[in-house]
Amino acid sequence: MKTYIIDNHPLFMDSLEQLVSLFQQDNTIYKYTHTLDAVEALDKTSLPGLIFINISMPKLDGLGFLKVLQKRQILSPVIMLSDNDDIKIMKKALTYDIAGFLPKTHSQTQIQSALNQIFNGNTYIPETVELRLSRIKDLTTGRIQTDSSINALGVTRRQREVLKLAAQGHANKSIALLMNISEHTVKSHLAAMFQLLHAKSRAECVQRAYQTGLINPPENNTI
């Protein structure tokens, strides 16, 4: 597995690198102090399996980086590192279906707990952030999807990504290529979603996902 850490604080990057290595022994970690260097690397090498980026990076910040990934249809999970609590920026980042927020003020124990959730395929959002987000009414859907609403049904982030692509009309083989996973894994994720949503067909599964808020209808889907 390949991981990118993009941050302009070398000491924090070194500390995060050590913690990430505890979860993935065969992980190759690349560190970048400039976002544009990471963008350039995306064009030259195989895609990373996980990306950490400081939301407040200069020149090209975290949101700008997410736009680059979206434009290029790169589905690598992204963790936003944050040293501020601007809830508006966090809410905007969630529209890109990031894998979570990791406050740089977290203790080592808190970061390890967060990484454990992330490497198990779940979205990590600190409780304090989640509470603040729950008070904000989304102008388009009347709600905002947080970790608790997703996990209420036991749905992982990767399962939701598969379902979003299926909702867009992608076949299993296409989903596998886009997500850099096997077609068998795609089928397993969809089978799990069928069971969780009590659906008998692909169309019914997608419709129920819309109704429960697990994914947004086409006009609001951001992948």
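The values are calculated or read from the model by the stated rules, or taken from the named source; none is laboratory data. All of these numbers come straight from a predicted model, not from anything done at the bench. FYI the Cβ positions are ideal-geometry reconstructions off the backbone, even for glycines, and counts take in every protein chain you see.
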Handout entry: Complete set of residues in the range 1-58 that are more than 24 Å from M179 (Cβ to Cβ) and acidic (D, E)
Key = D7, D14, E17, D37
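Could you pull out the residue among G142, G169 that is of a type outside the set (D, E, K, R), within 24 Å of I98 (Cβ to Cβ), surrounded by fewer than 15 Cβ atoms within 10 Å (Cβ to Cβ) and modelled with pLDDT of 85 or more?
Values: G142 fails: modelled with pLDDT of 85 or more.
Going through G142, G169 in turn, the sole match is G169.
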Completion exercise
Among Q112, Q195, the single one that is surrounded by fewer than 16 Cβ atoms within 10 Å (Cβ to Cβ) and modelled with pLDDT under 85 is Q195
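Residues of the range 145-158 being modelled with pLDDT of 60 or more, of a type outside the set (K, R) and surrounded by 16 or more Cβ atoms within 10 Å (Cβ to Cβ), which ones?
Correct list: V155, T156.
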Problem - T28, sole failed condition from (1) under 21 Å from L60 (Cα atoms); (2) surrounded by fewer than 18 Cβ atoms within 10 Å (Cβ to Cβ) - result: (1)
Problem - Residues (at pLDDT 85 or above, farther than 19 Å from T212 by Cα and in contact with a Lys or Arg (Cβ under 9 Å, 6 or more places away or on another chain)) located in the range 177-192 - result: V186
Handout entry: Matching residues in the range 43-62 - criterion: being more than 22 Å from H9 (Cβ to Cβ) and either at pLDDT 90 or above or not aliphatic (A, V, I, L, M) (or both)
Key = D43, K44, T45, S46, G49
Problem - Options F23, F65; residue that is among the hydrophobic types (A, V, I, L, M, F, W, C), at pLDDT below 90 and in contact with a helix residue (DSSP H, G or I) (Cβ under 9 Å, 6 or more places away or on another chain) - result: F23
